[in-house]
Structure formats: C-alpha cells, structure tokens
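Every read-out reported here was derived from the displayed coordinates using simple, explicitly stated rules and does not represent laboratory data. Remember, predicted model here, so these are calculated numbers, not experimental data. Glycine also receives a Cβ, built like all others from the backbone with ideal geometry; neighbour counts cover every protein chain displayed.
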C-alpha cells in the first residue's frame, strides 16, 4: 500500500543529546527537505550524508548546520522515500524543523507509524509481526489515553466551544438548504461573517500559544533578578561567554537595565540585567523601580539568583513573592563552589517551599559562575521553561501538541476560505464545503462529527418537516 | 432436489410499491424472467402518503434512478400536475425537482409501464413464506415449504457474520398453497410487515389504510433470525375540495417551465394546477394541547420510532411550544378528484380532534374529511443485515429493498429497488454484484449509510449526508450513472446514444469556451465587454480578449449571456467537435449516421457547462477528497477476516465491526465509534493474516 501523505517526527529520544534526528517518510520527503535546507549542490546523493544549512523560514537567518541523508524508495526503512536530518540544536530547533516540515505539507507521524509503514510495505517480515502488533496496540492505547486526557480537560475542552460555534453555523446553513421548503429563517451574510470572525480569532489565539517558530523568530527575554553581590553579573557573563556567538550588545533601555543578546541553542536569548531591585523593595515609590518591574514582567522568563553561600534572607522571600505571579521563573543557587552556609538541600528546600506556595512553573538549578558548573543545565532549563508547551519532556505529548497545532492551523485555513466565500456571497453549499474543511481537523481532536450530528442540531433548533 | 414448484422465475419480487416496481423493472430489463407479486393488483405504486415525488435530495435520487434506467422519473413526468425546481436561490448542486402527482394516474401509468415489459409478469397473491435451502455440508435438502427454525438457521451458520451463508432462498410460498421457484427473491413489503394503524384510541392491523397487513411473511422473516425493529410513520387527513374556501389561502403555482425528472422526457405537456399555503393558529394549537393525552404518540400506545423530519402536528406543538403557527400545504391528489392532501398536518389524533383541528383553520371551517390521518407501526429489518448490494448476509440470493430496510419516502424506496433488482439479476446471471460508492451518487450514500450504520429512526435522504454534494448534481446524474446502466442492460441502446450525443454537445461547448476568446469587435463581444466595464468609448481596455471560461468566472455573467456566441461558434466549427466518447459495443453509432449536432445545446446542458466553470475551484477541491475516499474504499477487508483475532480492539469496536462486517477500510471508518486507530489496527492485521496464509501455502 502506498501511503498518501508524508510523515515527519523527531526520531531521537527526547531531551538534549549531542544530536537530534528529524525523519521524514513519503513521496514528498525530499521535496520538503530541499525546500527547508540549503545544500551546496542538488540533487542529493542517496545513502550518503550531505551537509546543509537549516534557516529560519521567514528571515532566512541560519539556525543550524545539519547533516542530511536520504534513502530512495524502496531502499529505505519504510520502503518509501526517507530523509533523515541530524541537527545539533536544542530541542526547540528540532521542533521548529518539524513545524517547518508541517508547514510544507508533511503530517506529524503517529507513534509507531514509521514501523507500521515499513510493515505494510513489506520491509518487515512476519516473524517481526508481533512487534508490530504490540506497537499498533500501544498506539491504540496511546490514542485512548490521549483521548481520555483530552476529555478530562485541556485541548478538547478548550476546542469544544469553538467547534460548537462552527457546528451551529453549519447546522443553520444546512437547514436552509435541506429544508428550503420549511419556514427556516435565512441567516444573513453579516451574521455569517461575524460568526466566522469570532471563530477565527479564537482559534488564532489558541494556535499562537503553540508556536515554536515564534520563539525561534523573536527570541526570548530573560530577566536576571537578585540582591547585589549574589553573582548576577558573573552568571550573566558566563551565560554569554559559553556561547560561541555573542550577537550584539544592546544599549539598555534605561540606565538601570542592561540587555544583551546571545544565541543559545539557535534561539536569540535577550538577557535583561536588573540592577537595583534592592532599592526597589525599599523605596517602592521610585519611578525607575516601576520601570524595572515592568521590564521583569514583560520578560518571557525570570531568573532569580540567590547566593548559596549566604543564609536565606527575608529579601529573597519578598522577591520570590513578587516574581511568582509574573509567570515562568527559574532560581539559580549560585556560588555552589563555595561552602554553603546552610546545607544546600536545606536551601533548596526553602526555595522550593516558597515556590510551591505559588502556581508558577519553577525550577531550581545549582550554578557556579566561577567554575562554570550548572551553566549548561541552566541554559537547558531556560529553553525548556520558556517554550510555551510545558511538557517538553515527553516526546509523545509534544507530538500530540504539534498535531493539535497543525490541525487547528488547518481549521483556520478552512475558516479563512469560508470567509472569502462569504465575502464573495458564494452559494451556501460552497461556503459549507470550506466550513467542513474547518470542522474536520477539529474532529480529529475532539471526536468525529457525523451527518446525523448536524441533523440533530437542526431538529433541535428548527421545527422542520411536513 | 426441490421439486413441486408450480411456477419458476429467475427473479421474484414481493411487493409492488415504489421499491418493488423498480426492482422488477430492472431485473426484467436485464433479460431475466421476472415476476412481481402484490396483494392488490389495483394498488401498484400506490402513493400511500403525500401525492408528490421529489423534493430536496429526493429529486436527486429520482434523477439517479432514471439515469440507471429506472421508471419513476418518466412516470411522474407523465402524470405530474405541478412541477417546481426547489432551492434555485442557491447553487446548482442543491437544486432539486419536485412534482405533485395525480395519484390515480401514477398507479395507472406505472402499471402500464410494467405491463409493457416483455420479461415481466405481474401477479396478485399474498406471499407468506420464503423457501430456504440449506447447502451446508452433510445436511439434506429441505423439503419444499418448510422454513428452518431459528435454531436451525443459527446452527447451519454458526457465525452469522462469517464468510459464506450456507442458506439460500429457492422460492416463495403463496397463501393459496402454491410455491414459486426463484433464482433470487427481492422482498419490498413497505409498511405491510405486521402493520398496525393508530387513529386516536383505535388501533387495527393493516398494511396501508384499507389494506390487510402481511403478518405471515413478517413472522417468516423473524423466524429466519433477522434482527427486526419497529418503526412508525404517519399521514395527514384528506379533505373534500368542494368544502374548502380557497380564497383564504395563498396560491403556490408551479414553475412556468416545468423541469422534468427524467433525462428521457422532452417536455411536460399535461395541464398543471396550483397548491395552496396556509397556517395553523392559536386555536389549532389549543385543541391539540388539550387533547394530547389522547394522542397514541403520547399515551404510550405507539412504541415504534417515528421520523424527526416528518413530525406529526401534535409533535410540532409539543416540541416547539413557542412557535405561533405552522405552515400547511393543501395539495390536490389528482385532476379528476376533490381529494385534498393537507401536507404538514400528519396526525394520529382521534378523529373528532382531527375534525376540530381542521375546522379551526381559516378557509377550512366547513371542510369535510374524506379520510382521517393515521399513524402506522411496522416491522423493519435492520439493514446491517445486508451487504452493500442489498443481499442478506444470512441467506444468499435474498434481497431486501425499500421501507423494510428502515427508510421512508418513495424515492429512497425506488432507489434501493433498482439496486436490488440489478443485483438480484447479476446474482442469477452468476456475475459480481454492483455497488455505487459515495462519490458516485446519492444512491451510494443511501445504501452505504443503511448497511454501515443501521437505522434507529426512519431514514430519509438529505443533501447534507453527501460528502461530495457539489459533484452529485441533478444535471450530471446521467454522466455518473448512465454508462453503468447501459452496461447492465437497464438503459436501452437508443437512450444511451442520446446520452452520448448530449455528452458530446457538452464536450464541444466546454472545449469552445476554454479555447475561444470573445472578440471585442464582434457584436456579442462589444455588448459583454461593455457590461464588464472593459470598453471605453468603443475601445477594448483589457490587455487581451477573454476566453469563455474566463468570462464565466465573472459573477456578473451567466451562460445565458453567452448562448448566442456559443451557438454561433459551434455551428461554424462544423458541428462535430472533438473525439467522440467511446461507449461500448456499437453504442457510438447514433441514429444520425454519426453526425452529432453540437449546436443544439439545450439550456440544461449549458447550465451544466456553466457550473463546471463557475465552481471549478470548489469542484477540484472535492475531487481531491473523492480520490482519498476511493483509495480507502480500494482497501478491501477479506471475507475470512476474523475480528476476534485482532487484539487491541475495544469490545465496543469489536461488536460493531462483527455486526456490520464492512467490506472495505473506508466503510469501516464510517461506522460511528470506529476510531482511526482501530482502522489502522485492522489494516495491519489484514497484512499479518494475508502473509501468514501465503507462508502456509508455500510450505
């Protein structure tokens, strides 16, 4: 069986290793790859590694040097065209690459789908069939689990109202067509447009939250906060120094804010050093302090630096309380090279206790700006914490999220076409075609809509039939 | 073997309603000796409910029946007394014809059609049993006339969903004791199986009003082990036109130019009439509310499930209490009768309440009732018992069609009838069955829905059930189905030739519009470009003249504006454009020695061309989706496939798949509750089982 679409997934284990591999399989694997990665020469040799540059879609800014190997069908794992792209980058880069592939028409692979294709295409023999069965079963279980999770909350629940708005509109239009002989009020174009715009705005908001691309494009802002002499500046410098490419030192927006941008794992990371928070706590009325806290609040992520060689202070607690409501927060227990004043475990416990009181995601890292210990880990945490999806640890859930993002995007595309159709006053049955195109992707998240479901709404809403 | 039959036919059809007539006609036209059995010869093709054919989506079905060579379209065209093309305010995909019928003439015309078919015999007799042969290994041939018990059925075929039924129908038994041998039997009993009429507190067994029910055959079907359900439908009172003040109503005339149903009808020539529209009022509603406890629907007397899209008036009042009035249509039942059908007032209220309801309406104060409305409960067989070619899974060569499968409507019945007739014919001829898929027609949607999902209320067609609605239009039903009809023998050679000519005219016009640019200096060009604002004081302002295809994309223009230009262009191109479509043996030899007059493009054909251009973008979008569905449809699930051996399927999914036994992965995916993961699991196991079998074979 020839599969109809090209699938893509990150095929290396989650987390940050030395390399990460993104794999594509299907007719369009090569085409998609060459549209994203620049190579010194084309066409690519098969079964041989080729160096290329993966750049950001919009700006063309180089993100990572990648190694690409392509396997032409049927001489590949799945017996379809397969491309493997090895990246150095952070998980965020891998995900952005997958996202780019989706944008170019690939579909996020279901768990085990590569192996399933290999089997269906005769690449795996019957003796291995049991393994496949287990795989598919786990896929079924996985989907059941995801479905259950979704029913409990998160995506499905959030989508349900949007889907309902869409379904109501569909039902109204369908009623007009199938019960044209009954006195069903015809829905006005203005009303149709208003409903479409509402749906679009809602979904747009949802999809924005998923975007890895946005991070890659716009970068992140990290505010470094702490009492004086806790080692903010040296930590700041070692975060910068460890990277090969320091991009540009930017002038601070105010005298007490210093900002610099560095490339961390392909992501432009803007550090905002906030001196003077101590004064802020004492002299709250000062204008500059307001500004400082605004900058801290506007950041994507906050890093509270605490001197681990000193006893815990009231001030630290105050700062934590102040930072907690602002969103993503990391705590660096710095100067871990010095003998700790209180035991590290105790200190960590204290921070944790304070953090637990709040609802913000929190992580504690032990660092030493002096020895460089924990700096790498801190960077990981920065990237992971600031990426909008909080569940980056689990690749499966990443796929789910990515799949959702793709589906919602597809849905939006349908709505945009529907809007155009409404503007052009096309007949309702054409408009409906676009609306069904918008509905179907949502169905894949929330469960199928059948023709009878639409009829149910019609019969509940309108007194139709003779 | 079986012996002692009094008569022998290739195909026997039980019931001469709308399904039975089409079934018998199709089988006979395929060259099979066919007999049609009815309880009352004078009531063939009786319109037991409203005196009309077609309507939205139903009109599509009639066109498809007609395109396959069925009779319904031509019959209604001959006896229709008011034609209207519905939904014309929307796009051509949802236009649908509807016509009021002269009920008596409809029966007469249908009987005439049936009698003119040489291979068809019409018989009056009540069929009371099916004669079944057990062909399982070791069992003796069953003596004539003894149906197997339910247990025998079960033991002869331990897994009812299993591969090949050991049971086969051999004929029918009539009430008078005769037995008739048949290669295949089609049962189309409508509402007759254990029919029970309700009218207020009264209830009595009946098939339709004034006709006896078919109890023994109903029992026989239950005994054979079919899953039987109980449905309900209803009909409104009929009034005497002489007692109605029509001046109080709004007249609803037919279209000035009637749209025929049949591709073979040239024009509608018989006299036409009008219908009338009026409304219920507060008084009507009060009467109903105060007496609702006497309605069998609410007193618990009726157990069967009624259709939500065809609610009784009492249902409408109860469910939509805020609606101040409900529309009623007064429709004549014929040209030479005073009987008036009150469409919209279906009811099973007691007769005294019905009378009061009627009289509460302005213009009906003096109205006299000719027949009261009533509700009827009847047995149906769950259509999941059927293959998509309408043969039962339990008993080979036995087909079911029409209301017995849980549908309502003459059109839905007729559509199943013709498909059952065709497949019974193919079965007898020893050929593979034919199905229509969801991309090809409403006929395919209807049957696929029935056999994949079963029914829990009477099934009616809606255009919203069609995934590919834009493609399934009334104007191209012949394009979609007539070649198949010709291949099967249900479409006659001369009709097929007419179709090929039409196709050629359409091809030529399409080609012309694609290739020819409208000359701004021509008269037509000057006029049309001026209208588009592309002429400035006599000078053409666009970079290049537009092709017909480009012109049609402009919303300001319709094909009617281009007709003169197209006609002229086609005439001057010599009348024979492009390659002639190939049409099987000899089909291409038209009556006019192969010369086709492409310039005689009709208005409907022109509209068809216009639709293809105007909505090209959307049509292409659907075509892509159609391709996807066709691929899923191509992945067959072998009939030996055992779902119980698939681990990982939930019990609910397993039960559904075992019950329906979908033939393809596509069909499986349409069964409600079957997840994509379950489908891919089945897909995987097909591969595993197939390879295992191949491995064993090679050992």
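Observations on the structure shown:
- Rg ratio (alpha-carbon, reference 2.2 N^0.38 Å) - the range B:310-445: 1.45
- Residue order for B:12, B:434, B:653, A:423, fewest other beta carbons within 10 angstrom first, comes to A:423, B:434, B:653, B:12.
- Overall form of the range B:235-373 per C-alpha gyration tensor (a/c, 1.5; a/b vs b/c): prolate
- The range B:182-285: relative contact order in percent, alpha carbon pairs under 8 Å with at least 6 residues between: 16 percent
- Summed over qualifying helices (DSSP H, 4 residues or more, each -39500 (n - 2.57)) and divided by its residue number, chain B shows a 222 nm mean residue ellipticity of -11000 deg cm²/dmol.
- Projecting label points 7 angstrom from Cα along Cα→Cβ for residue B:642 and residue B:178 puts them 4.7 nm apart.
- Using C-alpha pairs under 8 Å with a sequence gap of at least 6, the mean separation divided by the residue count of chain B gives a relative contact order of 16 percent.
- Whether chain B is rounded, prolate or oblate, judged on the alpha carbon gyration tensor where a/c under 1.5 counts as rounded: oblate
- Mean separation of Cα pairs under 8 Å and 6 or more residues apart, divided by the residue count, gives the range B:235-373 a relative contact order of 44 percent.
- Of the two radii for the range B:468-572, the radius of gyration is 1.12 times the Kirkwood radius, both from the alpha carbons; that is the Rg over Rh value.
- The range B:635-698 shape via C-alpha gyration tensor axes, a/c threshold 1.5: prolate
- In Å, descending, principal axis extents of the Cα set of the range B:374-514: 55, 36, 28
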